[in-house]
Amino acid sequence: MSFETISVVGLGYIGLPTAAMFASRKKQVIGVDVNQKAVDTINRGEIHIVEPDLDMVVHAAVVGGYLRATTIAEPADAFLIAVPTPFKGDNHEPDLSYIESACQTIAPVLKKGDLVILESTSPVGATEKMSGWLAVARPDLTFPQTHGEKSDVRVAHCPERVLPGHVLRELVQNDRVIGGMTPKCSAAATDLYKLFVAGECFITNARTAEMCKLTENSFRDVNIAFANELSMICDKLDINVWELIKLANRHPRVKILQPGPGVGGHCIAIDPWFIVDAAPEHAKLIRQAREVNDHKPHWVVERVKAVADRYKNPVIACLGLAFKANIDDLRESPAVEIVQELAKLRDARLLLVEPNISQLPKGLTDTGELCDLNNAIEQADIVIVLVDHKQFALIERSAVLAKVVIDTRGVLC
Ligand code: SAJ
């Protein structure tokens, strides 16, 4: 199948880099987003998210006339939907309303022969639901759930798997799982991704592709929970967990991940719940891992409080606010959660060190002062390492000798 015009719906952390990759292959790309500000920014050749090198690729695509953003869908040969799939309510139930409204957006311009791909991380069955919503909106067209290989529109789920901070490289190099609703749907989707994907494309059905993405992130979550549980056990038994993991990992079949202050980001802390929601009676380990990882920030806070109680007006340096090392993304960060809890301590002063930002975001401005690393360490009674940013590895051990150090990332151990 050939694709001259490709539309990407949702121009966020996944949609925009993906749109830019197609554009870099000299395809006409129409990006669609509900956010007028984001649309205007992209049309100026600029970006509204942080991802290394993305600014250059988007700028080149826009200036070259290959990428254009709009709030209203236009006809295309393929549509990729990359919108958020958050929770609804307090029970970690998946909210598919963004996918449903993306369907309403593209339905009027869909035509026979088009391909629709769901890229958003989704609970099992979401692709079939999406196809159902499109069928209701366009009764004049046929879809795979009723017409199989003879359908007018092809539909597939092809989950994204890229690591924030390395998105452009991983978009090209990672293997892809292509879950078509029929073999022809898979074949069409493979043709589309082959425009820029150098990794292998593995074909399966839509439900398996949905579950595969959830499985990858749940696997990582369960393994991080194992490391986090170990860290709490080791703390009680007075054992250095970092040394322990290093030693255990010398076994040829052991590969333990690293403990931290909790699990942040927009994927690993969310996706496992989609499995728990679908099969709560079986997903016991997956649920338990989520609970262990969600508990870890509270455990860290309790440890800090126990130490802070020994001081009259403790000065606490919090090293790192991002959700992981060497990025500036503070959203869903366990470090932020910990700082917000510590800010409730009476008489404590918090010095916040985050080398990747120049001002504190809303929600943190009342918690403490943004401070440079050396200054914070010099003034602090207690130093908490919350993120393993590269700058923190350079801290002179002598500078913290007289301080109480609570190192959740093993940077100073
Ligand atoms: N973390 C630890 N210990 C570790 C590894 C990570 O505490 O040993 C923490 C990090 O500090 C962070 C959180 O886990 O708070 C998540 O970070 P991450 O680097 O593991 O993953 P993300 O959320 O940046 O990206 C993940 C990736 N999934 C997998 O590695 C299986 C990525 O490939 C996915 O595309 C992405 O989720 C997504 O969009 O789903």
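Bear in mind these aren't lab numbers, they're just calculated from the coordinates by the rules spelled out. What you see is a predicted model, and the numbers here were worked out from it, not measured in a lab. Please note: Cβ atoms are built from the backbone with ideal geometry, for glycine as well, and neighbour counts cover all protein chains shown.
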Subject >> Those lysines that a straight Cα-Cα span of less than 24 Å connects to Lys312, excepting residues fewer than 8 apart in one chain >> reply: Lys344, Lys403
Original post:
How many nm separate the modelled label positions at Ala279 and Thr5, each set 7 Å beyond the Cα in the direction of the Cβ?
Top reply: 4.2
Original post:
What number, rounded to the nearest 500 deg cm²/dmol, is the helix-based mean residue ellipticity at 222 nm of the chain, given -39500 (n - 2.57) per DSSP H run of at least four residues and division by all its residues?
Top reply: -12000 deg cm²/dmol
**OP:** Return the distance in nm (one decimal) between the two label points of a simple spin-label model at Asn375 and Leu345, each offset 7 Å from Cα along Cα→Cβ.
**Re:** 2.1
Subject >> Rounded to 10°, Cα long-axis angle of helix 126-137 versus longest principal axis of the chain >> reply: 40
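If you add up the charges near Ile117, with Lys and Arg at +1 and Asp and Glu at -1, over every other residue whose beta carbon is less than 12 angstrom from its beta carbon, what do you get? All intermediate terms of the calculation are to be shown ahead of the outcome.
Numbers: positive: Arg154, Arg176; negative: Asp77, Asp114, Glu119, Glu160, Asp191.
For residues surrounding Ile117, the net value is -3.
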**OP:** Return the whole-Å distance between the Cα centroid of region 16-66 and the Cα centroid of region 99-138.
**Re:** 23
Subject >> Proximal lysines relative to Lys246, as straight alpha-carbon distance under 16 Å, when same-chain residues fewer than 8 apart are discounted >> reply: Lys255
**OP:** First check a/c for region 86-129, with a ≥ b ≥ c the square roots of the eigenvalues of its C-alpha gyration tensor; if it is under 1.5, answer rounded, and if not, answer prolate when a/b is larger than b/c or oblate otherwise.
**Re:** prolate
**OP:** Take the chain, connect every pair of alpha-carbon atoms lying under 10 Å apart with a spring to form a Gaussian network, then pick out the residue of Arg169, Arg154, Arg250 with the largest mean-square fluctuation.
**Re:** Arg250
**OP:** Please give the contour-minus-distance gain from Ala187 to His298: 0.36 nm per residue of separation, less the Cα-Cα distance, rounded to one decimal in nm.
**Re:** 35.2 nm
Subject >> Computed log₁₀ I(q)/I(0) - Debye formula, equal Cα scatterers, no solvent, the chain, q 0.08, 0.11 Å⁻¹ >> reply: -0.50, -0.88
Original post:
Under 20 Å from the 7 Å Cα→Cβ point of Arg44, by amide nitrogen: which residues of region 310-334?
Top reply: none
**OP:** Any chance you could get the radius of gyration and Dmax over the Cα atoms of region 5-214, in Å?
**Re:** 15.9, 46
Original post:
Taking a label point 7 Å from the Cα of Arg331 along the Cα→Cβ vector, which residues of region 254-285 have an amide N closer than 12 Å to it?
Top reply: 265-267
**OP:** Give the calculated FRET efficiency between Lys37 and Lys362 to the nearest 0.05, with a Förster radius of 22 Å applied to their Cβ-Cβ distance.
**Re:** 0.85
Subject >> Nearest-ten-degree value, helix 54-63 long axis tilted from longest Cα axis of the chain >> reply: 30
**OP:** Report the calculated FRET efficiency for Met56 and Thr146 (r = Cβ-Cβ distance, R0 = 51 Å), to the nearest 0.05.
**Re:** 0.70
Original post:
Rounded to a whole number of µm²/s, how large is the Stokes-Einstein D of region 1-81 at 10 °C and 1.306 mPa s, given Rh as the Kirkwood radius over C-alpha pairs?
Top reply: 132
Original post:
On a 0 to 90 degree scale, rounded to 10, what angle separates helix 15-24 from the longest Cα axis of the chain?
Top reply: 60
